[in-house]
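Report on the structure given below.
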Amino acid sequence: MARLGSRWLILSVWLGVLLGCSGGPPAADGAGALAVTVIAVHDGDTLRVRDGTGRERTVRLAVIDAPEIAQPFGEQARDAVRALAQGRLVRLEPRGHDRYGRLLAVVWVPDGPLAPTDLSLWLLEQGLAWHYRAHADEQPLPERWQYALAEAQARWGRRGLWQHADAVPPWQWRRQRRIPSAHADGAHPGHGLAPDVSSP
């Protein structure tokens, strides 16, 4: 137990150092940052947004995968995102597009004047999503550590979907059921690449 505590201390110190180097959320006038309103939430990681010109687009939260609606905690993930973000003006940090044309982005939800919430990180902290490790190398290093630690803490705390020891990752669940949709090939819907099936 003492060994586990010391590992936590070392990990926390390293994380603090890394986060100290992080740029954090995009500035209001940051290059590439987009201010949009969330008009619909399809599931725990897919949103419909509208910008100031009236243009609508689908946004896929980058580098996480939330349970499908039919999976345990799928509805909870969707409802949690609706409660936090629907109808709100949020800021997008674009990370490219997937093969279906959806914008991949980190979504920052205002949470007071100084501390906007990274929606993906928040879902991981609540135990309502998986960190998509197959694409973790696409993240800035401090963010990658944040996401990995958030998932680990949720697992150890048995929060959300981690209440079940046999929780099935969405990419495996889609593959097992061969869903006749854009996900039918088992690819991660946020990236259009084959999933790392060894990821928890």
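The values are calculated or read from the model by the stated rules, or taken from the named source; none is laboratory data. Keep in mind the model is a prediction, meaning the values are calculated, not measured. Every residue, glycine as well, gets a Cβ built from its backbone with ideal geometry; the counts of neighbours run over all protein chains shown. Side chains are part of the model used for accessible areas, which takes the heavy atoms of the whole protein and leaves out ligands, DNA and RNA. Shrake-Rupley method; radii C 1.70, N 1.55, O 1.52, S 1.80 Å.
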Matching residues in the range 105-137 - criterion: being surrounded by fewer than 21 Cβ atoms within 10 Å (Cβ to Cβ), at pLDDT 90 or above and on the phi > 0 side of the Ramachandran plot
none
Only residues that are closer than 14 Å to residue 49 by Cβ and in contact with a helix residue (DSSP H, G or I) (Cβ under 7 Å, 6 or more places away or on another chain): list them for the range 88-135, please.
106, 107, 109, 119
Reported set for the range 58-89 where residues are within 12 Å of residue 46 (Cβ to Cβ) and hydrophobic (A, V, I, L, M, F, W, C) is 59, 61, 62, 64, 66, 69, 77, 81, 85
Answer with yes or no whether residue 77 is assigned to a helix (DSSP H, G or I), modelled with pLDDT of 95 or more and of a type in the set (A, V, I, L, M).
yes
In the range 78-104, the residues that are without any contact (Cβ under 8 Å) to a residue 60 or more places away in the chain and open to solvent by less than 40 Å² (accessible area, probe 1.4 Å)
80, 81, 85, 90, 92, 96, 103
